[in-house]
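Reading through the structure tokens given below for one structure.
The values are calculated or read from the model by the stated rules, or taken from the named source; none is laboratory data. Only a predicted model underlies this, so the values are computations on that prediction, with no experimental measurement involved. No Cβ is skipped: glycine too gets one built from the backbone with ideal geometry, and neighbour counts run over all protein chains shown. Quick note on the areas: whole protein, heavy atoms, side chains included, nothing else; ligands and nucleic acids left out. Shrake-Rupley method; radii C 1.70, N 1.55, O 1.52, S 1.80 Å.
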Amino acid sequence: MRPLRVGIAGAGIAGLTTALALAHRGIGSTVFERAAKLSEVGAGLQVSPNAGRILEGLGLTAALDRAAVLPEAIDMRSGRTGEPIVTLPLGERARAAYGAPYRLVHRADLQALLLEAVDADPRITLKLGAEVTGSRQSAEAATLVVDGAAHEFDCLVAGDGVRSTLRSAVPGAAPFKPSGRTAWRTTIPIGIAPRDLPHQRTTVLLNRAAHVVIYPVRGGRLINVIVVIEEDWDGPEWSAPGDAAVLRRRFDADSTRFVSRFTGLDLQWTRWCLTEVDPRGSWVDGRIALIGDAAHAMVPFLAQGAAMAIEDADALATVIATAGNSVPEALRRYEAIRRPRATRVWKTARQAGQIYHLGGPMAVARDMTMTALGGASLLKRYDWIYGWQPGQDAA
Ligand SMILES: Cc1cc2nc3c(=O)[nH]c(=O)nc-3n(C[C@H](O)[C@H](O)[C@H](O)COP(=O)(O)OP(=O)(O)OC[C@H]3O[C@@H](n4cnc5c(N)ncnc54)[C@H](O)[C@@H]3O)c2cc1C
């Protein structure tokens, strides 16, 4: 039997990890990426142990460790007063409990290390500046249309992100919807960052209708700041430059002591529309499978979007490796394996958003409950996310 031919749309975290996971199983692929150069899109990413273990299995441990900061803990604090609410212990505890550390990386660094591994693997062809504009399929094959030219494969993987072009080729796939929230991201060089910022930890500040996440990346040389607020905004692209005055107005009204330290600095902010794709729509049709944000984009309150893309890539590569002549059946198996898990994470991320953004007496009750529970018990509630193993279902 001749080897399977796999075409992948998108060289984001989902597409590159799929190519590597396939190569790891001896299967070659061609990745088409519309950007001419993979640039510094995004900012920090928390790579939780469930994703880290898969990347380590692809031989990326040393590269990850070079790129990552390992936080000692996550400190949850009141955004209004800066007072501590609870501390979730990470560091060695995360490695011991989940078999891989909790890592903080710059998204560009993660993409670069995946890219380096892709470039080093002769089974993978990466075509940059190659926009996928459509697809078609028959019982025997599937075709990607790239800049007007047809490329034939046995299987197509749509890792083309939340605004996926290929999603329209899957009947019953859910559309993307703005979540009514935006994320404002910046990085602060350590030299001008507020001095009392903890450097080896993740800090989460909970505010009414807003929250802020702060953590180090690039070996601690940059501090990554994400401010999530409730606002209806959607640009034609995923992100656009953001005017800090909007953030200042928002936080002045809430008289937040802590947050105004960042909004007051002269920084380049990028505003991201937080968009969702309901995972209960279809992910697969015949020889085409959606993966990552194209299948189930989620709000970032659990920091699991890229992690789910990495888990998808591993599961998809496993079923493709055993597909033989029955690619459509293998892809249906992928959907059946992944949907329960991705749906549970997607829903839990939404709930976390509601809890994070409470105000008034509800926020006071939340803070008291978190403090009473303690960090170790709170972290244990996420064992089903971080401790998950490939092949395990969502329960
Ligand atoms: C504020 C914020 C914070 C986040 N924090 C975390 C976190 O801490 N941890 C975590 O796990 N996740 C996090 N996420 C989520 C994470 O960024 C996404 O889930 C992840 O990047 C999705 O990867 P992807 O490869 O599916 O899509 P993308 O990263 O969007 O990649 C899609 C790729 O496809 C390309 N493409 C698109 N259309 C075409 C086309 N027609 N032809 C060819 N190429 C195309 C694009 O150029 C892009 O390179 C966060 C998200 C946001 C917004």
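Within the range 189-203, the set of residues being within 16 Å of the ligand (Cβ to nearest atom) and open to solvent by less than 20 Å² (accessible area, probe 1.4 Å) comprises Thr202, Thr203.
Restricting attention to the range 142-176, the residues being away from the ligand (no atom under 14 Å from the Cβ), out of contact with any helix residue (DSSP H, G or I) (no Cβ under 7 Å at 6 or more places or on another chain) and closer than 23 Å to Thr17 by Cα number 5. The set of residues in the range 290-334 being open to solvent by 10 Å² or more (accessible area, probe 1.4 Å) and within 21 Å of Leu16 (Cβ to Cβ) consists of Asp293, Met298, Pro300, Ala303, Gly305, Ala306, Asp314, Ala315, Thr318, Ala321. Note on the range 131-167: among residues that are among the charged types (D, E, K, R) and not in a strand (DSSP E or B), the one that is farthest from Met298 (Cα to Cα) is Glu140. Condition (residue is within 30 Å of Arg332 (Cβ to Cβ), within 17 Å of the chain's Cα centre (by Cα) and either away from the ligand (no atom under 15 Å from the Cβ) or among the polar types (S, T, N, Q) (or both)) applied to the range 204-224: is it met by at least one residue? There is no residue in the range 204-224 that is within 30 Å of Arg332 (Cβ to Cβ), within 17 Å of the chain's Cα centre (by Cα) and either away from the ligand (no atom under 15 Å from the Cβ) or among the polar types (S, T, N, Q) (or both). Out of the residues in the range 145-172 that are open to solvent by 40 Å² or more (accessible area, probe 1.4 Å) and on the phi > 0 side of the Ramachandran plot, which is farthest from the chain's Cα centre (by Cα)? Looking at residues that are open to solvent by 40 Å² or more (accessible area, probe 1.4 Å) and on the phi > 0 side of the Ramachandran plot, I get Gly148. In the range 103-122, of all residues being more than 15 Å from the ligand (Cβ to nearest atom) and buried (at least 16 other Cβ atoms within 10 Å of the Cβ), the one that is nearest to Gly59 (Cα to Cα) corresponds to Ala117.
Among the residues of the range 345-357, not a single one is more than 12 Å from the ligand (Cβ to nearest atom), more than 20 Å from Thr182 (Cα to Cα) and either part of a loop (DSSP other than H, G, I, E, B) or free of Cβ contacts under 8 Å to residues at least 24 places away in the same chain (or both). Thr133 falls short on exactly one of the conditions (1) near the ligand (Cβ under 9 Å from one of its atoms); (2) hydroxyl-bearing (Ser, Thr, Tyr); (3) in contact with a helix residue (DSSP H, G or I) (Cβ under 6 Å, 6 or more places away or on another chain), and that condition is (3).
Of the strands (runs of 3 or more DSSP E) lying entirely inside the range 168-283, the ones with 3 or more residues being within 30 Å of Ala342 (Cβ to Cβ) and modelled with pLDDT of 80 or more are found at 176-189, 202-207, 210-217, 222-230, 269-277. Of all residues in the range 67-92, exactly one satisfies the criterion of being without any contact (Cβ under 8 Å) to a residue 24 or more places away in the chain, charged (D, E, K, R) and farther than 22 Å from Ala363 by Cα, namely Glu92. Counting the residues of the range 188-244 that are of a type in the set (Gly, Ala, Ser) and in contact with a Cys (Cβ under 9 Å, 6 or more places away or on another chain) gives 3. Just wondering, is there one or more residues in the range 33-45 that are without any contact (Cβ under 8 Å) to a residue 12 or more places away in the chain, more than 28 Å from Ala142 (Cβ to Cβ) and either more than 16 Å from the ligand (Cβ to nearest atom) or open to solvent by 10 Å² or more (accessible area, probe 1.4 Å) (or both)? Within the range 33-45 (the criterion being without any contact (Cβ under 8 Å) to a residue 12 or more places away in the chain, more than 28 Å from Ala142 (Cβ to Cβ) and either more than 16 Å from the ligand (Cβ to nearest atom) or open to solvent by 10 Å² or more (accessible area, probe 1.4 Å) (or both)), the answer is no, since none of the residues qualifies. Are any of the residues in the range 55-71 within 16 Å of the ligand (Cβ to nearest atom), surrounded by 20 or more Cβ atoms within 10 Å (Cβ to Cβ) and not hydrophobic (A, V, I, L, M, F, W, C)? Yes, the conditions are met somewhere in the range 55-71. Taking the criterion of being open to solvent by less than 30 Å² (accessible area, probe 1.4 Å) and in contact with a His (Cβ under 9 Å, 6 or more places away or on another chain), the residues of the range 227-247 that qualify are Val227, Val228, Ile229. Does the range 74-95 contain any residue that is touching a Ser or Thr at 6+ places or on another chain (Cβ under 8 Å) and within 12 Å of the ligand (Cβ to nearest atom)? Looking through the range 74-95, at least one residue is touching a Ser or Thr at 6+ places or on another chain (Cβ under 8 Å) and within 12 Å of the ligand (Cβ to nearest atom).
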